[in-house]
Ligand code: FES
């Protein structure tokens, strides 16, 4: 029957591996990447559960989950590349095509959308047009609705964002500066001063020493 891959009507051989597991003799893996993946594997009773952090580590090295990156992860984890490709193609933050190395995810879900996220995304896209270093895309709720409209810039949450913030935001990304520091969620103070990190500006009323004591 045309239009179907051959064998489509035959029972699956469940004992057969879908592909070979790469041999450590044949695949060169950067030492730091190998070490990081092995570190993740050591945290799980079943080491293959480390697929997500291992792929994320490879993506940081290669810029995306390229076939080479997947093969390196498969080699360290001793699983088939196909099993990792299945994970990489499912999860939104794992890239299976080359992209710019800086991610700018503009949330366009309901809270952000109601506060102008669509216009914000258009503005970011227009300002980033032609810049191959930037991976600008819409994203579903990033879980920071209280700072809507917001974006995740290389993993740093910033908001509430206005259209006027866009030039500064992209300028900060391109020059390697902290992005819009005054709008970073991690730097915002919360009601409980004990929850504020010493890395960030101390609470104006009360701060916490390194032992967690309020002073
Ligand atoms: S809707 Fe944008 S962070 Fe939740």
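Over segment 12-98, the hull volume per residue, using the convex hull of the C-alpha atoms, is 102 Å³.
How high is the relative contact order of the chain, in percent, with contacts defined as C-alpha pairs under 8 Å that are six or more residues apart? Normalised by residue count, the contact order of the chain is 13 percent.
Our helix-only sum for the chain, with -39,500 (n - 2.57) per DSSP H run of n ≥ 4 divided by its residues, gives a mean residue ellipticity at 222 nm of -9500 deg cm²/dmol.
Note on the chain: antiparallel DSSP beta bridges, both residues inside, total approximately 55 percent of the bridges counted. Compared with the alpha-carbon gap, the fully stretched path from residue 89 to residue 194 is longer by 33.8 nm at 0.36 nm per residue.
Here the contact order of segment 12-98, divided by its residue count and restricted to Cα pairs under 8 Å and six or more residues apart, works out to 34 percent.
Sorting 95-105, 62-72, 166-176 by average packing, meaning the other beta carbons within 10 Å per residue, from highest down gives 62-72, 95-105, 166-176. Put simply, when 123-133, 144-154 are sorted by average Cβ atoms within 10 angstrom per residue, most first, you get 144-154, 123-133. Helix 51-62 and the long axis of the chain differ in direction by around 80°, with both axes built from C-alpha atoms. Note on residue 164 and residue 28: the model spin-label points, each 7 Å out from Cα along the C-beta direction, lie 5.3 nm apart. Here the Gaussian network model covers the chain, with springs between Cα atoms less than 10 Å apart; of 188, 41, 93, 188 fluctuates the most. Each eigenvalue of the Cα gyration tensor of the chain, multiplied by 5 and square-rooted, gives one semi-axis; in descending order these are 39, 25, 17 Å.
Can you tell me the 0 to 90 degree angle between the C-alpha axis of helix 81-90 and the longest principal axis of the chain, rounded to 10? Around 40 degrees separate the two axes. Between the Cα long axis of helix 166-175 and the first principal axis of the chain there is an angle of about 60°, rounded to the nearest 10. Running Debye on segment 102-183 with equal point scatterers at the Cα sites and no solvent, what base-10 log of I(q)/I(0) appears at q = 0.17, 0.18, 0.27 Å⁻¹? Normalising to I(0) and taking log10 leaves -0.55, -0.62, -1.47.
Each Cα pair under 8 Å and six or more residues apart adds its sequence gap; the mean of these over the residue count of segment 102-183 is a relative contact order of 34 percent.
Since every read-out is calculated from the coordinates, none of them should be taken as a lab result. All figures in this text were calculated on a predicted structure; none of them were measured in a lab. Positions of Cβ are generated from backbone atoms using ideal geometry, with glycine treated the same way; all protein chains shown enter the neighbour counts.
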